[in-house]
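Chemist: Please see the structure below; I have some questions.
The values are calculated or read from the model by the stated rules, or taken from the named source; none is laboratory data. From a predicted model like this one, the values you see are computed outputs, not experimental measurements. Cβ: placed from backbone, ideal geometry, glycine included. Neighbour counts: every protein chain shown. These accessible areas exclude ligands, DNA and RNA; they are computed on the full protein's heavy atoms, side chains included. Shrake-Rupley method; radii C 1.70, N 1.55, O 1.52, S 1.80 Å.
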Amino acid sequence: MSNFRRAQDQAHPNKVSTLTLAIIVVQILLITLQIWLLYSGLNNTLEHNQDVAIPALIASFFLFLACCGLLYFLPGRKR
Amino acid sequence: METKQYPQPPDWQRDFPYRQEEARLVTRREFSRMLCLISAAMVTGSGYVAIRSFWKGKSEPAGRFPVCGVSELPAGGTRSFLLPGSNTPYILIHLENGQFKAYEQKCTHLSCAVFYKAGTGKIECPCHNGWFDANTGEVVQGPPPRPLPALEVVVESGQVYVNGPA
């Protein structure tokens with residue numbers, strides 16, 4: 001049975017390279033969002049506004065899961 | 001048979017090799033994994049902030065504290081002071097309109113000491129050219145992200161008092 005991994009292994013190296021780069025770009029975007037969440041949470045906490053820190057933590061955690069989940073789609077090593 | 005010994009390449013050549021197999025490059029796969037580690041660090045940072053936002057650590061001083069006499073501080077003058085049991089520096093400002101204001105003397109950007117610029121109604125942070133409104137403590141210009149924390153000032157029988165932040 002075919003799956004995405006087999007198709008990925010058979011793809012042209014240019015496509016595989018593009019996919020790898022795309023995953024890295026998305027990961028960088030996710031980390032940028034996390035930095036923004038951390039900055040907002042910190043500033044609001046220092047301003048004695050406690051309503052932001054917990055939602056920022058939860059959102060940051062889900063972004064982390066997404067970041068790790070993207071690793072699954074990284075093309076396999078060339079054997 | 002005599003084997004020829006090649007000298008070790010110099011450091012610069014080892015840092016910038018021109019043969020592919022000598023290169024110790026970070027692969028994109030490794031870079032991607034490192035991004036996940038950075039992401040985990042961000043979650044840890046957010047968690048720390050969340051814990052600290054609900055953590056009631058060292059209590060702030062509460063109550064009323066005398067700072068100086070009204071006659072001791074001319075209009076446009078300032079006085080730095082500390083509250084008992086706290087290391088946070090504060091600044092008392094006698095504005096030109098006669099009002100007294102007290103603010104934390106730490107810039108909300110990178111904690112540099114701020115100073116009142118007499119005659120302008122503004123408080124200056126000289127480190128990165130940040131400016132605050134001396135009437136409200138709000139940011140007027142520059143990188144500070146938050147207003148200056150203020151203390152309530154009470155003038156009673158010729159004496160200036162501040163109420164602790166707690």
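Chemist: Being farther than 25 Å from A:T45 by Cβ, in the same structural domain as B:L83 (by TED's automatic domain parsing) and either at pLDDT 85 or above or within 21 Å of the chain's Cα centre (by Cα) (or both) is true for just one of B:C36, B:C68. Which residue is that?
Modeler: B:C68
Chemist: Hey, another quick one. Just to be sure before I move on: is B:G47 surrounded by 11 or more Cβ atoms within 10 Å (Cβ to Cβ) and more than 10 Å from chain A (Cβ to nearest Cβ) in the structure I sent?
Modeler: No, not satisfied.
Chemist: While we're here: Can you name every residue in region B:50-109 that is hydrophobic (A, V, I, L, M, F, W, C), open to solvent by 40 Å² or more (accessible area, probe 1.4 Å) and without any contact (Cβ under 8 Å) to a residue 60 or more places away in the chain?
Modeler: Scanning region B:50-109 gives B:I51, B:F54, B:W55, B:A75, B:L82.
Chemist: Criterion first (at pLDDT below 90 and touching a Leu at 6+ places or on another chain (Cβ under 6 Å)) does B:P84 satisfy it?
Modeler: It is false that B:P84 is at pLDDT below 90 and touching a Leu at 6+ places or on another chain (Cβ under 6 Å).
Chemist: Ok, one more. Which condition from (1) open to solvent by 90 Å² or more (accessible area, probe 1.4 Å); (2) modelled with pLDDT under 90 is the one that A:Y39 breaks?
Modeler: The number of the failed condition is (2).
Chemist: If you scan region A:12-32, which residues turn out to be of a type outside the set (K, R), more than 15 Å from B:L37 (Cα to Cα) and without any contact (Cβ under 8 Å) to a residue 40 or more places away in the chain?
Modeler: A:H12, A:P13, A:N14, A:S17, A:T18, A:L21, A:A22, A:V25
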